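Below: the structure, in C-alpha cells.
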Amino acid sequence: MIATVLGGDRAPPSRYAVGGICMPHPGLQVCGDAWDSHVDGSVVTIIACDGLGHGDGAAVAARAVTAAFRAAPAAPLAEILQRAGRAARGTRGAAATIARLDLERREVAVAGIGNVAAWIVDAAAKQVVTQHGTLGQSALTHIHEERLRLPPGALFVLCSDGIRSRWNLDDQPGLFGHDPTTIATVMWRDLARGRDDASVVVVREAAR
Ligand SMILES: [Mn+2]
C-alpha cells in the first residue's frame, strides 16, 4: 500500500546500470577524458571521449565533445559525432566513441572516430572497430555505424587508450558480475598504462 503511494509519482527505475571512471594522467588534477550517458526507456546512449594528450587542453576538447552530446543525446549517432566535431574545432581535438543500446531490439549501434575502444562482453570480449580520425581536425565525410547483437546479460564497455587493449575475462574471475562502477574501477586499477588519462565506462541491463 505504502509502496504503491510512494511509487505513484516516481519515474520508473532505469532499465540500465551505467558506471564509469575517469582518472587523470599521473601527477595531474585535470582529466582529458570524459564520458556521459542518456537513458530513455529501453534505449541508452553513451559516449566516451579522449581529448588529445592530457592536461587542460585535453580537458577543454573533451568538454566540447560531451557538451555537444548533451545538447541532443537522442539524435542519430553520426549526427552527434558531426556536431561534436564542429564543437571541437579550435581545440586540440579528441577521439570519441558513441554507442546506443536498445533492449527491445537487442541491438547495439556503435560509431567512433579515433581510438576509444568499444567492447561487447558476453562469453568472450569482442572489440568493435572504430574509424581513424580526430574530432575537431579531420572532416568527417562518412561516419560508419556498426550494428551488433546485444546478447541478454551482456556488458558494453568503452575504454580510452590509457587502458591496455589486451585483456582477458579469465584474468578477472567473477568481476563481470559486479556493478558497472566496480567493474570500471577494477579495470582501471589493473589495466591503466600509467602514462595517460584513463577512462572506462560500463553499461549493462539493470537487474530487476
Ligand atoms: Mn589518451
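Bear in mind these aren't lab numbers, they're just calculated from the coordinates by the rules spelled out. Computed from a prediction, not measured in an experiment: that's the story for all the values here. Every residue, glycine as well, gets a Cβ built from its backbone with ideal geometry; the counts of neighbours run over all protein chains shown.
Here the Karplus relation 6.51 cos²θ - 1.76 cosθ + 1.60, evaluated at θ = phi - 60°, turns the backbone of region 102-107 into coupling constants of 10, 6, 6, 7, 6, 9 Hz, with x for every Gly and Pro.
Computed extension gain for residue 43 through residue 172, at 0.36 nm per residue and net of the alpha carbon distance, reaches 43.6 nm.
Count Lys and Arg as plus one, Asp and Glu as minus one, and take only other residues whose Cβ is under 12 Å from that of residue 162; the net charge is then -2. The slack between residue 78 and residue 164, meaning 0.36 nm per residue of separation minus the straight C-alpha distance, is 28.3 nm.
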